[in-house]
1. Under a plain spin-label model, where a point goes 7 Å from the Cα along Cα-to-Cβ, how far apart in nm are Arg164 and His67?
2. Around Gly152, which amide H atoms from residues at least 5 apart in sequence, or from another chain, sit under 5 Å from its own amide H, with H modelled in the peptide plane?
3. Taking segment 12-107 as the region of interest, what is the percent of Cα-Cα pairs per 10 angstrom bin, listed from the shortest bin to the one with the maximum distance?
4. For the pair Val146 and Met1, how long in nm is the line joining their label points, each one 7 Å along Cα→Cβ?
5. Separation between the Arg74 and Phe221 pseudo-spin-labels, each 7 Å from Cα along Cα→Cβ, expressed in nm?
6. Which of the peptides 58-69, 157-168, 12-23 is most tightly packed, and how do the rest follow, judged by the mean count of other Cβ atoms within 10 Å per residue?
7. For Gln54 and Arg114, what is the calculated FRET efficiency with R₀ set at 45 Å and r taken between the beta-carbons, to the nearest 0.05?
8. Take every Cα pair under 8 Å in the chain that's 6+ residues apart, average their separations, divide by the length, and report that relative contact order as a whole percent.
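No value in this document is a laboratory result; all are computed from the given coordinates. Everything numeric here is computed off the predicted structure, so don't read it as measured data. Virtual Cβ from ideal backbone geometry, glycine too; neighbours counted across all protein chains shown.
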Amino acid sequence: MKRALVLSGGGLFGAWQVGAWSRLREDIRFDTIIGASIGSLNGWAIAGGAAPEQLSGKWKDAAAAGHLRFRFPRRPLDGIVDSSQIEGFIRDVHSSFTPCQEYYAVLTDLLRLRPQMIAGDIVGWRHLAASCALLGLLPQQRIDRVLYTDGGFLGALPLWAAARCDASLTVGLNVMPRMPWPVRAALKPLRAIRGRPSKPARDRILVLAPSRSLGTWREAFLWQRARVAEWICRGYDDAHAALRDSKHFH
């Protein structure tokens with residue numbers, strides 16, 4: 001049975017994924033790791049053999065050193081948030097690990113409105129930055145003449161990517177909070193144009209999400225070490241409860 005772990009976007013709520021994965025790995029060996037947006041960054045470390053303590057430490061260190069700063073963008077696609085903090089975090093994680101198993105980062109081709117899977121052997125730090133490039137907030141990335149935006153732009157949790165990898169069992173970690181209605185309304189026609197990608201069989205998907213809200217949208221973009229540590233612990237507890245209760249693992 002080929003098992004895929006799919007990690008969603010969700011800003012700094014991605015810390016919850018670290019805790020959830022650290023519990024899942026005690027019982028499950030994942031063959032394929034797939035991530036979109038912040039999930040691509042966690043996925044890169046996981047596929048690179050990171051220990052839970054390593055990845056948790058990087059999150060906490062980044063949160064202790066960082067804070068949110070706004071700016072007036074020079075160009076429309078540069079974003080209104082100073083990207084130096086998140087870029088430093090991305091560079092650090094990318095340079096610290098190299099995938100030793102199947103890994104894909106999901107990016108969105110902004111002009112064609114198509115999500116793309118980029119294999120781990122060609123993923124550079126800029127691919128991870130592109131996958132995390134929230135439109136309007138962070139700089140969009142042009143790589144090999146393609147303009148990329150956030151990997152979760154058209155769908156926070158890319159379960160379709162696991163189907164393309166022929167996964168028999170897919171576990172998704174979804175930390176994306178419900179988007180404000182204006183954003184949902186704007187994305188609805190774009191998703192209609194794109195169509196619905198294939199998904200694994202419904203009885204072979206387990207999607208885990210926080211048992212209760214992690215906070216507001218604003219908190220998803222604030223570097224707060226105490227909150228990051230809390231989200232990691234909650235992820236571990238939520239995954240523990242899911243493993244106990246799910247028929248998929250009995």
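1. 4.1 nm
2. Ser37
3. 15, 46, 28, 10, 1
4. 3.3 nm
5. 2.1 nm
6. 12-23, 157-168, 58-69
7. Once the sixth-power term is evaluated, E becomes 0.85.
8. After rounding, I find 31 percent.
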